[in-house]
Each structure stands twice: as C-alpha cells, then as structure tokens.
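Q: Quick one: this structure, given as structure tokens, is what I'll be asking you about.
The values are calculated or read from the model by the stated rules, or taken from the named source; none is laboratory data. Predicted, not measured: the structure shown is a model, and the values here were computed from it. Neighbour counts run over all protein chains shown; Cβ positions are idealised from the backbone, glycine included. Areas reflect the complete protein model, heavy atoms only, side chains present, ligands, DNA and RNA absent. Shrake-Rupley method; radii C 1.70, N 1.55, O 1.52, S 1.80 Å.
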Amino acid sequence: MAYSELLKRRGFGETSRRDRWWVQPLLIAAALGTFVVYATWAGIQGAHYIYTGGGAEYLSPFYSPLLYGQEGEPRWIAATHPSWWPSWLPFSSAFLILAGPVGIRVTCYYYRGNYYKSFWADPPACAVGEPRKSYLGENSLPLILQNLHRYFFYIAIFLVVVLSYDALRSFWFHGADEKLHFGVGVGSLVLLVNAVGIGGYTFGCHCSRHLFGGRKDCLSKAAVSKACYDCVSTLNRGHMRWAWFSMVWVGFADVYIRLCSMGIWTDWRIL
Ligand code: FES
C-alpha cells in the first residue's frame, strides 16, 4: 500500500481491507449484549438466586455476597433490604454488589478494546474509518474514569475470596441429622468452576502483575515475588480466554441455580 494511502483520512467504515473485518465486532457485540441483558434481568428478579433442595446451599454468583435476604438464607445483614431503600423502588440484593464485577469488566483493558470497536465503532476495526474526526484518548471525562480499574481490581479480589467460599460451601450438604456432610452435586462443580474462572480472570489482570512484582525495580532478587509474577503473567497471556470463559460461566452458574430453584432442572448428587 502506498504511504499516501496510509495517511489518507478515511470516512466511517471506509477501508482497503478485503476480509470480513466486521464479523468479529458483530459477534462480540451480540455476545456482550446478550450477557448484559441477561445479567440485568437476573439481577432485577430478586428471586430464585439460591437453591436449597436436597440439603444443598448453592448461591448464585450474581447475588454473592448476599448482603440482604430472607430469613434462613446466608445473608450478611439480618434484614431483607436496607432501611434507607426507597419503599417505592423494588429491591434486589444484586443491586448492591453488581458495581464490583461490572466495574472491573467495563474498565478492563481487554473488554475496552472490544466494546470500543463493537458498540462505539471507534474504530470499528483496525484500518477501518471511524465516525469521529478527533482523537481524545482517555484523558478527559468520561473515559478518564477507566483509570479506576486498579481500584476495581481490589474489589474483584475480595469477590474471588467470597465466590471461593461459596464454592467450598456448596460441597457441604445438610443431612437428616441437621449436621453438614461432605458431598458433591453438579451444582458444587458448577460453582467450583465459576470460582476458578473468576480467579483466573482476576489474577491475570495487568494490575495483578503490578501487585505481584511489577512494582519492584529488581524482580529477580525477590524469589517469591518473581514466582508469583511469572504465574500471573501466564494468566495474563490468556486474559482474553479467561475473560470470555469466566463471563459465560458466571452466567451459566446463575442459570443453573435459577432453574434448579424453579424446579425445572434437577441437581444430581454425584457423591
Ligand atoms: S486488565 Fe482485564 S481485569 Fe484488569
């Protein structure tokens, strides 16, 4: 391609590319859009987020940690909703916690690269003309708020701990003697895979590399940090795959628990 051709300003969607460059942004828009619509719907429901059949206790990751809930549920605060919640506004415990997972994904470097293309066409794809004439970068509002990512990362670590606890808890079932007994249900495995997926995504974050050694001047002299850094770097190289896997699986975990709670699916006990 001639140099003058490279410098030419393209109109929106104009490109010399001959491949189907629009397929990937279109598929990503469909996948992200489907997840956002489902997660919003599930979060608003405020019901069927916990399955307790057969002595199990599976909590949907969309509602964990369960800050408020019904009596008998693993709620953190002994009330159904906060006292300050407006009486005219329907309440769902998911409203109080979704900011954490939504915050880290919206500000994630990988997702940014996707939704800037798929939803804002900015640009629609590499070497394809974009709708705007100026480039503002992420130096002014609202995109400067993407810098909050490093803080959402710490919230995400907290959620990994909580979801890991939920996964471990799901391997303990209430017996007829009212004691807890070890067991394995399909739901236990679903929640375990969910915790692994969210953990793999979170600890593969660029902020994680900084936390586990990237901030040191001479990493090779700190053996433990170096080992952790290498480990999270491995996760980081697969960050895209972890991002997709964890997003799809967290949605599936909610679907699984919801359908079991509604009596549509049966949670098979393996052990
Ligand atoms: S870069 Fe994706 S979670 Fe931090």
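Q: Where does each of 122, 230, 217, 267 land when they are ordered by accessible area, with a 1.4 Å probe and the largest first?
A: 217, 230, 122, 267
Q: Starting from the amide H of residue 14, placed 1.01 Å from N in the peptide plane, find each other amide H under 5 Å away whose residue is 5 or more places distant or on another chain.
A: Hits under the 5 Å cutoff: 129.
Q: Quick one: what are the phi-derived ³J(HN,Hα) couplings along the stretch 252-257, Karplus 6.51/-1.76/1.60 with θ = phi - 60°, whole Hz, x for glycine and proline?
A: 5, 4, 5, 4, 4, 5
Q: Using the Karplus curve 6.51 cos²θ - 1.76 cosθ + 1.60 with θ = phi - 60°, what ³J(HN,Hα) values do you get for each residue of the stretch 192-201, in whole Hz, with x for Gly and Pro?
A: 5, 4, 4, 5, 5, x, 5, x, x, 5
Q: Can you work out ³J(HN,Hα) from phi for every residue in the stretch 169-174, in order, using Karplus 6.51 cos²θ - 1.76 cosθ + 1.60 and θ = phi - 60°, giving whole Hz and x for Gly and Pro?
A: Here the 3J(HN,Hα) series is 4, 5, 8, 10, 10, 6 Hz.
Q: For the chain, what does the accessible surface come to per residue with a 1.4 Å probe? Please give it in Å². Before the final figure, lay out each step's value.
A: Details: 15720 Å² over 271 residues.
That works out to 58 Å² per residue.
Q: Sticking with this structure for a sec: Pull out a ≥ b ≥ c, the square roots of the eigenvalues of the alpha-carbon gyration tensor of the stretch 180-237, then state rounded if a/c is under 1.5, prolate if not and a/b is larger than b/c, and oblate in the remaining case.
A: prolate
Q: Which net charge results for the neighbourhood of residue 121, defined as the other residues with beta-carbon distances under 15 angstrom from its beta-carbon, given Lys and Arg at +1 and Asp and Glu at -1?
A: +3
Q: Please compute the net charge surrounding residue 143, taking Lys and Arg as +1 and Asp and Glu as -1 over other residues with Cβ under 12 Å from its Cβ.
A: Numbers: positive: 112; negative: 122, 138.
Within the 12 Å Cβ shell, the charges total -1.
Q: Per the Kirkwood treatment, what hydrodynamic radius in Å, one decimal, follows for the chain from the mean inverse distance over all distinct Cα pairs?
A: Final number for the Kirkwood radius of the chain is 21.2 Å.
Q: Under 5 Å between amide hydrogens, which residues at least 5 positions from residue 174 or on another chain qualify, with H placed 1.01 Å from N in the peptide plane?
A: 56, 181
Q: Highest mean first, how do 236-243, 76-83 rank when packing is the count of other Cβ atoms within 10 Å averaged over residues?
A: Working: 236-243: 16.4, 76-83: 12.1.
Ranking, from highest mean packing down: 236-243, 76-83.
Q: Now for a different question. Ignoring ligands, DNA and RNA, what percent of the 1.4 Å accessible area of the chain is carbon and sulfur?
A: 65 percent
Q: Kindly rank 124-130, 193-199 from highest to lowest mean number of other beta carbons found within 10 Å of each residue.
A: Working: 124-130: 16.6, 193-199: 22.4.
Ranking, from highest mean packing down: 193-199, 124-130.
Q: Pairs of alpha-carbon atoms within less than 8 angstrom and 6+ residues apart define the contacts here; what relative contact order does the chain have, in percent?
A: Once normalised by length, the contact order is 24 percent.
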